[in-house]
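Asks: Questions regarding the structure given below will be posed in turn.
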Amino acid sequence: MSRPTLRTEFCDRVGIEYPVILAGMGPVAGTGAPVATAELAAAVSEAGGLGVIGGVAYSPDELREQIRYVRSRTDKPFGVDLLLSPNFLVPRRKGRRADSSADKPALRIQLPEEHVAAVRRIALELQIDLIDAPRENEDMGSWVEEGKSWAGSQVEVLLQEEVPVFASGLGTPGPFADALRANGTTILSLVGTVRAAAQVVADGADYVVAQGTEAGGHTGRIGTLALLPQIMKSVTPTPVIAAGGIAGGAALAGVLATGAEAAWCGTAFLVAEEANQPDLQKQRILDAAAEDTVVTRVYSGKTMRNIRNPLIDAWEREGLMALPMGAQGALMRDLQYSIERAGRQDLLMNAAGQTSGMLTERRPAAAILEEMVAEAAEIFANGLPKRIKASV
């Protein structure tokens, strides 16, 4: 059987066969390890899409290993997704170790007592013995050289390894855009608002990824089909990629018909055999209906779509506003560690989008991609359904 044809200018730009991009999913399974590892990225790229490594949690040396692993599995293009939030852009100050004992008490003192007390109540309700998490290397800055930021050290690896595509999953590519472009790297930037789209274009993004609220993980408040055309209109002639709610051929065809250059897909690949997350969490996605996801700030302080679980429900009952990103993670650190030690994977972060309701089985990433592309290609090949009449 011949392979279907489904191409856009984005495919020609980056040298891939199909306009489907693996979302560069980091530690969205609560285990501390990225879901989109080199294994999953290589599988998607080899099948004709664009595999993207979720690189945020990797030290520079680990990231280099991941990049080289992809190249050992495929000779096709791939990318790396990093977070460019202020937390990762501030260089380490000379003469100060990021994991020094002097820093540890301050972190605890800065957390509001009402939030700390709420975490204790939640642990009691969930029957979790609260244990202090190890504090070694809790600051990513302790992994990099003096005077360099975490993100800067990671981007340095991308430049040295000549990675074809870079995606900023959070923040603006501005600090690194000139160097990346000079290196021949195509820059993608994820946004959830029209204002943010204008900002990343001004700061050097080659493609804007418009992510709707249907998406799993960190997400905004605007639906994909409302957000996508508004961003396309506001940033023209910069091309736009669609994200959020795309896990099948019909949705892929829909966003391409709307004018998107490609689809950024995460949830569809969360249940791939190569996805690096526990079997229980894959099964919870397969068992979920569309309404079983909820947007919460409990894990990171930013809005994040997850499969609902008892920890999320317990946090919501407390009625507290989440702390800012970074502080909220510090607040939840001991509880998260205690949950892992207790083997309660049902309470871990289980990021997934609303398309969970249409996923029914685990399959290789290549099979997921091939079915999506075949369905979309068939829709375009068949033209408009007979029930629709149109003319210009």
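The values are calculated or read from the model by the stated rules, or taken from the named source; none is laboratory data. Predicted, not measured: the structure shown is a model, and the values here were computed from it. In this analysis, Cβ positions are derived from the backbone assuming ideal geometry, glycine residues included, and neighbour counts consider all displayed protein chains.
Asks: Is it the case that some residue within the range 16-37 is within 12 Å of the chain's Cα centre (by Cα), without any contact (Cβ under 8 Å) to a residue 40 or more places away in the chain and surrounded by 24 or more Cβ atoms within 10 Å (Cβ to Cβ)?
Replies: So far as the range 16-37 goes, no, none of its residues is within 12 Å of the chain's Cα centre (by Cα), without any contact (Cβ under 8 Å) to a residue 40 or more places away in the chain and surrounded by 24 or more Cβ atoms within 10 Å (Cβ to Cβ).
Here's the yes/no breakdown for (1) polar (S, T, N, Q); (2) outside the structural domain of ALA260 (by TED's automatic domain parsing); (3) part of a loop (DSSP other than H, G, I, E, B):
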site	(1), (2), (3)
GLY184	no, no, yes
ALA196	no, no, no
THR213	yes, no, yes
ARG221	no, no, yes
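Asks: Got a sec? Which of LEU323, LEU331 is over 21 Å from ALA215 (Cα atoms), part of a helix (DSSP H, G or I), of a type outside the set (Phe, Trp, Tyr) and within 23 Å of the chain's Cα centre (by Cα)?
Replies: One residue alone meets the criteria, LEU331.
Asks: Then there's this: Quick one: which of ARG7, ARG96, ARG68, ARG92 is surrounded by fewer than 16 Cβ atoms within 10 Å (Cβ to Cβ) and modelled with pLDDT under 95?
Replies: None of the others qualify; the one that does is ARG96.
Asks: Name the residue that is surrounded by the fewest Cβ atoms within 10 Å (Cβ to Cβ), counting only residues in the range 308-339 that are under 21 Å from PRO134 (Cβ atoms) and free of Cβ contacts under 8 Å to residues at least 60 places away in the same chain.
Replies: That would be GLY329.
Asks: For the range 269-279, check the following and say yes or no: at least one residue is modelled with pLDDT under 95 and surrounded by fewer than 22 Cβ atoms within 10 Å (Cβ to Cβ).
Replies: First, the residues of the range 269-279 that are modelled with pLDDT under 95: 277-279.
Of the ones still in play, those that are also surrounded by fewer than 22 Cβ atoms within 10 Å (Cβ to Cβ) are 278-279.
Yes, that holds for at least one residue.
Residues checked against (1) among the basic types (Lys, Arg); (2) buried (at least 21 other Cβ atoms within 10 Å of the Cβ); (3) at pLDDT 95 or above:
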site	(1), (2), (3)
PRO134	no, no, no
ASN137	no, no, no
TRP143	no, no, no
GLY147	no, no, no
LEU159	no, no, yes
VAL163	no, yes, yes
GLY174	no, no, no
ALA182	no, no, yes
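Asks: On to the next question. Would you point out the residue of the range 215-255, among those that are of a type in the set (Gly, Ala, Ser) and over 23 Å from LEU369 (Cβ atoms), that is surrounded by the most Cβ atoms within 10 Å (Cβ to Cβ)?
Replies: So, considering only residues that are of a type in the set (Gly, Ala, Ser) and over 23 Å from LEU369 (Cβ atoms), the one surrounded by the most Cβ atoms within 10 Å (Cβ to Cβ) is GLY220.
Here's the yes/no breakdown for (1) modelled with pLDDT of 95 or more; (2) surrounded by fewer than 15 Cβ atoms within 10 Å (Cβ to Cβ):
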| residue | (1), (2) |
| --- | --- |
| LEU347 | no, no |
| GLY353 | yes, no |
| LEU359 | yes, no |
| ARG363 | yes, no |
| LEU369 | yes, no |
| VAL373 | yes, no |
| ALA376 | yes, no |
| GLY383 | no, yes |
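Asks: Sticking with this one: Pick from ALA377, ALA367, ALA289: which is among the aliphatic types (A, V, I, L, M) and touching a helix residue (DSSP H, G or I) at 6+ places or on another chain (Cβ under 6 Å)?
Replies: Unique residue meeting the criteria: ALA289.
Asks: Restricting attention to the range 38-65, and to residues there that are over 24 Å from GLU261 (Cα atoms) and in contact with a Gly (Cβ under 8 Å, 6 or more places away or on another chain), which single residue is surrounded by the fewest Cβ atoms within 10 Å (Cβ to Cβ)?
Replies: ALA57
Asks: Let me ask you something else. Tell me whether the range 271-292 contains one or more residues that are within 20 Å of ALA33 (Cβ to Cβ), under 21 Å from the mean Cα position of the chain (by Cα) and of a type in the set (Val, Ile, Thr).
Replies: Yes, some residue in the range 271-292 is within 20 Å of ALA33 (Cβ to Cβ), under 21 Å from the mean Cα position of the chain (by Cα) and of a type in the set (Val, Ile, Thr).
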